[in-house]
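Take a look at the structure below.
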Amino acid sequence: MSANVYGIDLGTCNLKIFCKATGKVINEKNTIAIVNKHQLYAFGNDAYAMYEKAPDNIKVSFPVVNGVIADYNNMQVMIGEVLEKHVKSHLKGAEFIVAVPTDITEVEKKAFFDLFYKSRFKPRNVLLCEKPIADAVGLQLDVNSPTGFMIVNIGADTTEISVISLGGLVLSDLLHFGGRRIDESIISHMKRNFGLVIGEKTAMYLKETLSCALPENGEQTEIIVGRDVVSGLPIEMEVTSTVVYEAVKDHLNTICNSIKMILEKTPPELARDIIHSGIYITGGSSKIRRLDELFTQITNIRVNTCEFPEESAVRGLNKIVSDEKYRKLAFSMKARIYK
């Protein structure tokens, strides 16, 4: 097996690349800045730093929306720039394996495939793998066994709830709901209750520092800056963790209800396996404090967390392409290309 193998997870907010040669995960914001409508200005973390701050002639955008590629050309430019910035060599004739969401169309899957197959790197091979399968392998689960596992991946724009057994998806549900919707709920809550207009980055900061899935006894606070609705002037305000909890609790309950619906449809034998193994939560937004406790309260099933939940899928991709036991979990769309 060649060393130049790359596992790619094109997340809505973050682009994760696992390089087999170095054994490291490259993690960049999936953001691109275009100046004068067609000229690349910045990409990745540098472009994200400009978000909500750029002048009119610089457009900062996210090429992936709701888990699928919405801006194919800019996504292809960006993936090339990120790979050349971090890898620089071993790109020609490399093998790529890409995580794709469940419940998307064949055309949308083809866009993920073509992004690499038709790139200037002229890859030796391009494989696709469904993201819940990659998550499970990255969590060190034996997905080929006749054992049921439930994976809940809470990303930026989507939440995928899946039941896996024998290397395939038994049940899955892709919700167009994720961390960004939680950010939006914080923005609307601050405006409605405190007359304070804040940006998406500030809302994300509050989510990452103060959000909790259950009420807490000890109060935590953060100082933020926003614009006062009445005066129109920028002001500082101290925000408590209770305020953030009130803003996010309804959206977290929506995820809980979707998990319950999937569990209700799960065959009894697989449900027994899930009770024994527990529910596994991954994705960047799964890092909300005490989210595992909330899911346990709702389902009466133990919830398992991992240290780097946003990287579990991309680490699983590397294992799938490297280990013959798991390689059959990936598939190619080469046979479906028509000339």
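The values are calculated or read from the model by the stated rules, or taken from the named source; none is laboratory data. Being a predicted model, the structure only gives us computed values, none of them experimental. Methodologically, a virtual Cβ is constructed for each residue, glycine included, from the backbone with ideal geometry; neighbour enumeration extends over all protein chains shown. SASA here: full protein model, heavy atoms, side chains in, ligands and nucleic acids out. Shrake-Rupley method; radii C 1.70, N 1.55, O 1.52, S 1.80 Å.
Quick notes on this structure:
- Residue 246 vs. criteria open to solvent by 40 Å² or more (accessible area, probe 1.4 Å), part of a helix (DSSP H, G or I) and within 30 Å of residue 163 (Cβ to Cβ): no
Each row is one residue, and each column tells you yes or no for (1) assigned to a loop (DSSP other than H, G, I, E, B); (2) open to solvent by less than 30 Å² (accessible area, probe 1.4 Å); (3) in contact with a strand residue (DSSP E or B) (Cβ under 8 Å, 6 or more places away or on another chain).
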position: 56; (1), (2), (3): yes, no, no
position: 77; (1), (2), (3): no, no, yes
position: 96; (1), (2), (3): no, yes, yes
position: 112; (1), (2), (3): no, yes, yes
position: 122; (1), (2), (3): yes, no, no
position: 133; (1), (2), (3): no, yes, yes
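- Region 223-243: number of residues that are in contact (Cβ under 8 Å) with a residue 12 or more places away in the chain and either open to solvent by 50 Å² or more (accessible area, probe 1.4 Å) or among the aliphatic types (A, V, I, L, M) (or both): 13
- Residue 206 being out of contact with any helix residue (DSSP H, G or I) (no Cβ under 8 Å at 6 or more places or on another chain), aliphatic (A, V, I, L, M) and open to solvent by less than 50 Å² (accessible area, probe 1.4 Å): no
- Against the conditions (1) over 30 Å from residue 226 (Cβ atoms); (2) polar (S, T, N, Q); (3) surrounded by fewer than 16 Cβ atoms within 10 Å (Cβ to Cβ); (4) in contact with a strand residue (DSSP E or B) (Cβ under 8 Å, 6 or more places away or on another chain), residue 102 satisfies every one except (3).
- Among (1) modelled with pLDDT of 95 or more; (2) within 21 Å of residue 109 (Cα to Cα) - the single one residue 338 does not satisfy: (1)
- Hits in region 12-26 (condition: over 23 Å from residue 54 (Cα atoms) and either of a type in the set (Val, Ile, Thr) or in contact (Cβ under 8 Å) with a residue 12 or more places away in the chain (or both)): 16, 17, 18, 19, 20, 21, 22, 25, 26
- Residues that are under 24 Å from residue 177 (Cβ atoms), open to solvent by less than 50 Å² (accessible area, probe 1.4 Å) and in contact with a Gly (Cβ under 9 Å, 6 or more places away or on another chain) occur at least once in region 260-268.
- Whichever residue in region 11-22 is under 20 Å from residue 124 (Cα atoms) and not β-branched (Val, Ile, Thr) and, among such residues, is modelled with the highest pLDDT: 18
Per-residue answers, yes or no, for (1) aliphatic (A, V, I, L, M); (2) surrounded by fewer than 20 Cβ atoms within 10 Å (Cβ to Cβ); (3) in a loop (DSSP other than H, G, I, E, B):
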residue: 8; (1), (2), (3): yes, no, no
residue: 25; (1), (2), (3): yes, yes, no
residue: 49; (1), (2), (3): yes, yes, no
residue: 53; (1), (2), (3): no, yes, yes
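- Residues that are outside any helix (DSSP H, G or I), modelled with pLDDT of 95 or more and over 24 Å from the mean Cα position of the chain (by Cα) are absent from region 201-220.
- Residue in region 82-90 that is in a loop (DSSP other than H, G, I, E, B), touching a helix residue (DSSP H, G or I) at 6+ places or on another chain (Cβ under 6 Å) and farther than 24 Å from residue 168 by Cβ present: no
- Counting residues in region 32-48 that are modelled with pLDDT of 90 or more and touching a Gly at 6+ places or on another chain (Cβ under 6 Å) gives zero.
- With respect to the stated conditions, residue 33 is under 21 Å from the mean Cα position of the chain (by Cα) and either of a type outside the set (Asp, Glu) or within 26 Å of residue 181 (Cβ to Cβ) (or both).
- Matching entry among 253, 304, 257 (being under 21 Å from the mean Cα position of the chain (by Cα), of a type outside the set (Val, Ile, Thr), under 19 Å from residue 133 (Cα atoms) and open to solvent by 20 Å² or more (accessible area, probe 1.4 Å)): 304
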